[in-house]
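Computed from the coordinates by the stated procedures, all read-outs in this text should not be read as laboratory data. Owing to the predicted nature of the structure, the values given are computational and were not obtained by experimental measurement. All Cβ positions, even for glycine, are placed from backbone atoms using ideal geometry, and neighbour counts span all protein chains on display.
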Amino acid sequence: MASERLKRFNYAIGMFGTSIPINMLKTYAAAYYVLGLGLTTPQLALVLSVYTFIDALDNPIYGYLSDRTRTRWGRRRPWLVIGTPLLVLGLIAFFSAPAGLSGNSLLGYAMLFYILTGTIDSLINANYGALFPELFPDEHSRAVTNAMRQAFQLVAMIIAIALTPMVTERLGYSLTAVIYGILGGAVILYMTFTSREETDQAALEDLPRLWDSVRSLVTNRKFWVAGFANAFYSAAMSLVMASTTFYVKYSLGLSPGQTTMLLGAVLIVGIVGVPLWARLIRSFGTMRVWRAALVTLALAFIPLYFATNLVQAVIASVAVGLGFAGVISTMDLVQAKIMDEDTARYNVRREGIISSALGFMNRLNGLFTAGAFWLVFVLFGFQSGDVPGPNPALASRFLIAVVPCTLMVISFGFSFFIDFREPSAELELVSSDALSKE
């Protein structure tokens, strides 16, 4: 039992490592380049759009290569070892733009290192996500491990998102990226060398073929439905995280350091909310609770639009955190079910390509986020921190409330086009008492 608990911990903590770099990148790219260096919102939209297109190409390739890798160290470990230092270097470079860059040179630098960091993150998460259903095939272990790794993810988000404004005020973005990159990379490598695949079993399995894998995904309705539902949800949360600094500055009239209070409220409530949603899953099943979480998050964005001071905004952020906790408690369980069904149907393990494909669908949020920043330029004339337009307060409310609420309503709609045969409640998810005993 002790070894099983250690196995779960060793894998789950990897989510802490993978979450720190990418959350700093996506949350503070706009603040660093648009508000700090003068990159325009249309230029940022271009960066996000190009990145999303490239991610569409690289994700299936990463997953396919991972599924076909056969080494004595496993399928996933070599890719994690290769990708981790590149992720760290990419993050540091992105937030260390050389002095004097402007115009197209600043745009080119931002695009190069945003794409590099983002695509390496895709490589790492494709392999990390593929390990989950393989290492933990039964519902009990899967549920306990998922609860642990979501807790680790939320702690990482508190560091990389909520605390970053205070840290960067003292250390600057470049040194902060160095610290976050090294911390995240060290944890990823720890997970990599302590989570062991069944290499003997893998050697006996058939190698997945590319076109068969692509065809199975293209014709898998559940993959598309879950993928789009997750993409709209991810876009909503990415936009909220990226626009909070704008919202605090222009709508609430506060210093950037106050961003920590809003984001901290979302993430702390997220940590507290995970076991509460776990109880609901035990009683009502994954799919019903997933839909409830999606609609809860959609409604939670409405109060943010009407908040006029810090107290009201913090209360609204608490509601966002509650809905956020519900979605992260259920989304990975839905995706694992898709991998299980594919393995059972085709008798080939393709967790890598499915994980990477779902990861790509998730990263479609870059298009929606880019569209939102383009819209605030068109509708409100918000160009940059130097040229915020005639009504930056309304523009920031549009970014943090109107667009995310709309995206979540769409995600909620998609959730009704997918379902699974639910296992018994005892096997589906353990209660919070069982979680504490583990």
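Points to keep in mind about this one:
- Principal-axis analysis of the Cα atoms of the chain puts helix 41-68 at an angle of about 10° to the longest axis.
- Against the chain, whose longest principal axis comes from its Cα atoms, helix 221-246 is set at around 30 degrees.
- Segment SER49..ARG209, full-extension length gain: 54.6 nm, with 0.36 nm per residue of separation and the alpha-carbon distance subtracted.
- Computed lengthening from LEU89 to ILE182, 0.36 nm per intervening residue step minus Cα-Cα distance: 32.6 nm
- Modelled spin-label separation between TRP73 and LEU189, with each label point placed 7 Å from Cα along the Cα-to-Cβ direction: 1.1 nm.
- Close lysine pairs were tallied over the chain: pairs 8 or more places apart or on different chains with Cα atoms under 22 Å apart number 4.
- Spacing of the two label points (7 Å from each Cα toward its C-beta) at VAL218 and GLN312, in nm: 5.2
- Highest mean packing comes first when the peptides 154-165, 66-77 are listed by Cβ atoms within 10 Å, giving 154-165, 66-77.
- Per-peptide average of other Cβ atoms within 10 Å, ordering 3-13, 137-147 highest first: 137-147, 3-13
- Panel order for VAL387, VAL218, VAL167, VAL266, by other beta carbons found within 10 Å of each beta carbon, from fewest to most: VAL218, VAL387, VAL167, VAL266.
- A simple packing score, the average count of other Cβ atoms within 10 Å per residue, orders the peptides 333-343, 397-407 as 397-407, 333-343, with the highest score first.
- Each of LEU304, LEU175, LEU394 has some number of other Cβ atoms within 10 Å of its Cβ, and from fewest to most they run LEU175, LEU394, LEU304.
- Just so you know, the Rg over Rh for the range 2-437 is 0.95, from Cα atoms, with Rh as the Kirkwood radius.
- Helix 403-414 axis, angle to the chain major axis (alpha carbon atoms, nearest 10°): 20
- Placing a pseudo-label 7 Å from each Cα along the Cα-to-Cβ vector at ARG279 and ALA56 gives an inter-label distance of 4.5 nm.
- Sorted fewest first by neighbouring Cβ atoms within 10 angstrom, ILE271, ILE82 come out as ILE82, ILE271.
- Note, ³J(HN,Hα) from phi for the range 69-83, Karplus 6.51, -1.76, 1.60, rounded to Hz, x at Gly and Pro: 6, 9, 9, 6, 8, x, 7, 8, 4, x, 5, 5, 5, 5, x
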